[in-house]
Structure formats: C-alpha cells, structure tokens
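Shown next, in structure tokens, is the structure this report addresses.
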Amino acid sequence: MSIRVVLVDDQVLVRTGFRMILDETGDIEVVGEAGDGAAALEVTARTRPDVVLMDVRMPGVDGITATERIRALSPAPKVIILTTFDLDDYLFAGLRAGASGFLLKDTLADDLIAAVRVVVTGEAVTAPSATRRLIAHFVNAPAVPPARPDGRLTALTAREREVLTLIARGLSNAEIAGDLSVSEGTVKTHISRILAKLGLRDRVQAVILGYECGLVHP
C-alpha cells in the first residue's frame, strides 16, 4: 500500500515541486494539496492521509495552528513541518503542536522521500545533529520559561531518568551506550519505556520535557 500524503504550502510552485518528487516514487501518493491552514484541515479530514507536509507561514490559519488541529483528528496523520533557517522560532511551537519533525524547504529530494517514509513508521525526522540544533535554539531563546516540576518523572527508574537526561543533552543512542557502558539495544529499550511512561511521541519531545521540567539546564 502506498503512503498517502497531503501537501500544504501557500506557494503553488513549492507544492508542484514536492509533488513531482514524491510522484517519482512507487510507494508515495499525493492525495491532496492546500494553500492555507484552514484548507489543509478540510483536505486532511476528507482524504485521510498518512503524512501531511506543512508550511509554517501562510495566510489565514498558520501551519502551527493547523498542525495542532490536524493532530486532534482521529485517526491523526503524521505532520512534518517545513521551515527555513530563519524560522527557528516556529520550530518548537510546531513540535509541541504534534509535528513529527521538520525539514528545510531546500532539502534534497532523497531526504524528503526518506522523511516521509520514516515518520509513517512512528519515528521522528530528527537526527541527533538536528536534536542538538533544537537544544541550541532552546538555550539561546530570548525568554526561557521557568522550569516546572513534572510528576510523570516519578514513574521512571533511576537508570531511565539517567537516560532521559542524556537524551535531553542531545546524545545519540551510541553515545548514551558508551557513556553508560551498555549496548545500544539496551538504550533503545530504555528509551521505548521512557517514552511510554511519559506519554511522549519521540526523543524530540523528551528533549523539550527535559528542559521544561528542569531535568537539564542550559
């Protein structure tokens, strides 16, 4: 079965370019397009895609608001935020709204295709290097909200809390394994349990939680 995708961008040429790239594959099908957030919600509800590629800045309903509303649908498709280097201020808002990751608009065709295939499996489009970039943005933000305790952390074992701290610091699975002298498989098991206990979707949300609850400090 093909992966069903909806393209959301206020620029027709951008949508056309993405459609041409995705249509070249044998397993991805573009089932709808929208030029703003309101239309994106309507098209998504009607076509029930697996993945939505979402622009951020659009007239009317913006991409962040649209992402939050789309993720509230049942079943909810995965959302990949489309951004540029000067849109980092919107990145955290998009991830909090439920996006599974982000892509730069000048991303390579192969990376776009790979991202669509990755998020549909439940993973996030955020490599460790991208996670570090998110951390850097969080640290350098003009106003960092005060840390607040999160009762969910009490459900973690001491080792799971340790792994969560390392995730929030931007370490990859291999780096965490080396730091704790365990196998990568063990690290993956810990991460799966952490995400399940905390009700998190992926390691990006774990990074955000780590900073917001004061587990890790800038």
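The values are calculated or read from the model by the stated rules, or taken from the named source; none is laboratory data. On a predicted model such as this, the values are computed, not experimentally measured, just so you know. Reconstructed Cβ throughout: ideal geometry from the backbone, glycine too, with neighbour counts over all protein chains shown. Only protein heavy atoms, including side chains, enter the accessible area calculation; ligands, DNA and RNA are left aside. Shrake-Rupley method; radii C 1.70, N 1.55, O 1.52, S 1.80 Å.
Quick notes on this one:
- Per residue accessible area of segment 150-218, 1.4 Å probe, in Å²: 45
- Karplus-derived 3J(HN,Hα), 6.51/-1.76/1.60, for each residue of segment 37-43, Hz, glycine and proline x: x, 5, 5, 4, 5, 5, 5
- Segment 46-84-segment 163-218 distance, computed between alpha-carbon centres (Å): 26
- Protein heavy-atom surface of segment 146-218, 1.4 angstrom probe: 51% of the accessible area is carbon and sulfur, with nucleic acids and ligands not counted.
- In straight-distance terms, cross-link reach from residue 188 covers every one of the lysines whose alpha-carbon lies under 17 Å from its own, apart from those fewer than eight places away in the same chain; here that gives 197.
- Average accessible area per residue (Å²) across segment 2-74 - probe 1.4 Å, nucleic acids and ligands excluded: 46
- For residue 83, distant residues with modelled amide H under 5 Å away: 103, 104, 105
- Within a straight-line Cα-Cα reach of under 19 Å, residue 78 can be paired with the following lysines, leaving aside sequence neighbours fewer than 8 residues apart in one chain: 105.
- Loop-located chymotrypsin sites (Phe, Trp or Tyr not before Pro) in segment 41-112, at most 10 other Cβ atoms within 10 Å (DSSP): none
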